[in-house]
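Written below as structure tokens is the structure these notes are about.
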Amino acid sequence: MEHATMKAAPKKRIAHIASPCVGWHRHVPAAPGRVYSPGGCGCALLLAPVVALSIGITVALLGMAALAVVGLIVAVVLTVREIRRVRAGSGVRGWLVVLTAALYLMSVPYLVFFIWFWFFDF
């Protein structure tokens, strides 16, 4: 009789863990102290915006570097033409000197920053 009044031991339950991926489920037995880590699909979903943002920033930096190289080339060409023009006896065009100086001031510091950031960032 004693056995009839005792309750049966509870059965071991299986934890149902759902993945962020739709339709994919994994049954893992619950174990004390075990930490569940979502596998590849969950990590990819979490990191996708970060990767997209970093790719966008990289493309923007490359575009600005290309624009700075074009600005530097234009500034050098304008400088050489103005020097040849002044040596031929014509007067100095002030607006062209200001334009060339502005191109140098915009392109050279950015290129120095870009080269340091892209190649030498430790």
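Going by accessible surface with a 1.4 Å probe and the largest first, Leu103, Leu46, Leu72, Leu96 read Leu46, Leu72, Leu103, Leu96. At full extension, Leu46 and Ala88 could sit 8.6 nm farther apart than now, given 0.36 nm per residue minus the alpha carbon distance. As a fraction of the 1.4 Å probe accessible area of segment 80-122, surface on carbon and sulfur atoms comes out at 72 percent.
The values are calculated or read from the model by the stated rules, or taken from the named source; none is laboratory data. Because the structure is predicted, anything quoted here is derived from the model rather than measured. When the accessible area is computed, the model is the full protein with side chains, heavy atoms only, and any ligands, DNA or RNA have been set aside. Shrake-Rupley method; radii C 1.70, N 1.55, O 1.52, S 1.80 Å.
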